[in-house]
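Shown next, in structure tokens, is the structure this report addresses.
Every number in this text was worked out from the coordinates using simple rules, so none of it is lab data. In this text the structure is predicted, and so the values were computed from the model without any measurement. Neighbour counts are summed over all protein chains in view; Cβ atoms, including those assigned to glycine, are modelled from backbone coordinates with ideal geometry.
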Amino acid sequence: GFEALARWDSPALGAVNPDSFIKVAEASGLIRKVTPVLLAKTLDAVQDWPEHIQVSFNLSGHDLMSPVAVSEILDLVKQSGIAPERIEFEITETAMMADIDQARRSIERMAALGCRLALDDFGAGYSSFSYLHQLPVSKIKIDRSFVVPLLKDPSAGKIIQTIINLGRSLNLDCVVEGVESIVELDRLKTMGARFIQGYIFGQPMQAHSVRSYLAAEGRG
């Protein structure tokens, strides 16, 4: 699968870092207008992919807190004709903190349609564990902040191992994010990690490059 990443090439500003414009969109509330545009572009790109390839899409807290926004998101999925189970919405603890009950209702609507839900940046917050039994998530993503010190700090490895074991015991898929080297990959394999995301497999690419990438990897 692939994860959709927002990019902005401005005629006036040039390449704008997503850490900048997404944060501004979040703070101003404009993310409610940005999300449908990005999701529509994502779904359009997926139309050209093999049917066994999935896509992950990040949602904002503003999206989860608005029943209207959720309805728009689900309508886009339905109109695309893409099987909902190929679409995975990623949510963070921060996105749910404003109103966990409303977040649960939104997430349950997405799950009812057949979309998959992933808890992103797992372990980086303060109460992520409490959400595992409250929400219909099918995947947890281990934050890159634990991978960076993996080879130097034994405690980082112990945390990753604990989360992998937790996911296995709860029948949740577990993805380790931000893996960049063969050494990191080999170490994670010894821990039983099955799903890896990071530059070790591919750097961000344009949507139109996905088919050729898959063909080169023997997956297209």
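Within straight cross-link reach of Lys152, meaning Cα distance under 20 Å, which lysines are found once same-chain residues fewer than 8 apart are removed?
Lys189
How big is the C-alpha Rg of region 124-220 next to the rule-of-thumb value 2.2 N^0.38 Å, as a ratio?
On the way: Rg = 15.0 Å, N = 97, 2.2 N^0.38 = 12.5 Å.
Output field value: 1.20.
Sort 180-192, 57-69 for me by packing, meaning the mean count of neighbouring Cβ atoms within 10 Å per residue, highest on top.
Packing proxy ranking, top to bottom: 57-69, 180-192.
In Å, the Kirkwood hydrodynamic radius of region 6-66 over pairs of distinct alpha carbons?
Kirkwood radius, region 6-66: 13.0 Å.
With point charges of +1 on the Cβ of Lys and Arg and -1 on the Cβ of Asp and Glu, referenced to the Cα centre of the chain, which listed residue (Leu39, Ser66, Ala83) lies farthest in the positive direction of the dipole?
Of the listed residues, the answer is Ala83.
Could you list which residues have their amide H under 5 Å from that of Ile196, counting only those 5 or more apart in sequence or on another chain, with H placed in the peptide plane?
Val176
Which of the chymotrypsin sites (Phe, Trp or Tyr not before Pro) across region 95-186 are loop residues per DSSP, with 13 or fewer other Cβ within 10 Å? Could you put the intermediate results ahead of the total?
On the way: sites: Phe122, Tyr126, Phe129, Tyr131, Phe146; in loops: Tyr126.
Passing sites in region 95-186 are Tyr126.
For the chain, calculate the relative contact order in percent as a whole number, restricting contacts to Cα pairs under 8 Å that are 6 or more residues apart.
On the way: 288 pairs, mean separation 30.7, N = 220.
Relative contact order comes out at 14 percent.
Give the residue from Leu119, Val183, Ser138 lying farthest towards the positive end of the charge dipole for region 71-220; charges sit on Cβ (+1 for Lys and Arg, -1 for Asp and Glu) and the dipole is referred to the Cα centre.
It is Val183.
Taking the Cα centre as origin and putting +1 on Lys and Arg beta-carbons and -1 on Asp and Glu beta-carbons, what dipole magnitude results for region 1-109, to the nearest 20 debye? Walk me through the numbers before you get to the answer.
Details: 10 positive and 17 negative charges, 55 e Å.
Charge dipole, region 1-109, about its Cα centre: 260 debye, nearest 20.
Normalise the Debye intensity by I(0) for the chain, one equal point scatterer per Cα, no solvent, then take log10 at q = 0.09, 0.12, 0.16, 0.17 Å⁻¹ and round to two decimals.
Here log10 of I(q) over I(0) equals -0.37, -0.69, -1.25, -1.39.
Under the 0.36 nm per residue contour assumption, what length would be gained going from the current alpha-carbon distance of Leu170 and Arg109 to full extension?
Details: separation 61, 0.36 × 61 = 21.96 nm, distance 2.18 nm.
So the extension gain works out to 19.8 nm.
Taking only C-alpha pairs under 8 Å that are 6+ residues apart, what is the relative contact order of region 33-93 in percent?
48 percent.
Output wanted: per-residue J couplings in Hz (rounded whole) for region 166-171, from phi through Karplus 6.51 cos²θ - 1.76 cosθ + 1.60, θ = phi - 60°, x for Gly and Pro.
Once θ is set to phi - 60°, the couplings for region 166-171 become 4, x, 5, 5, 9, 6 Hz.
Through the Karplus equation 6.51 cos²θ - 1.76 cosθ + 1.60, θ set to phi - 60°, convert the phi angles of region 85-102 into ³J(HN,Hα) values in whole Hz; use x for Gly and Pro.
These are the phi-based 3J(HN,Hα) values: 5, 7, 10, 10, 9, 9, 10, 10, 4, 4, 5, 9, 5, 5, 7, 5, 5, 5 Hz.
What does the charge count around Leu117 come to, taking other residues whose C-beta lies under 12 Å from its C-beta (Lys +1, Arg +1, Asp -1, Glu -1)? Please report the intermediate quantities before stating the final value.
Numbers: positive: Arg104, Arg109, Arg116, Lys139, Lys141; negative: Glu85, Glu88, Glu90, Glu108, Asp120, Asp173.
Taking every Cβ under 12 Å from that of Leu117, the sum is -1.
Where in region 35-51 does the label zone of Ala215 land, with the point 7 angstrom along Cα→C-beta and an amide N cut-off under 15 Å?
48-50
Quick one: which residues, 5 or more positions from Trp8 or on another chain, have an amide H under 5 Å from its amide H? H modelled 1.01 Å from N in the peptide plane, none for Pro or chain starts.
Long-range HN contacts for Trp8: Val16.
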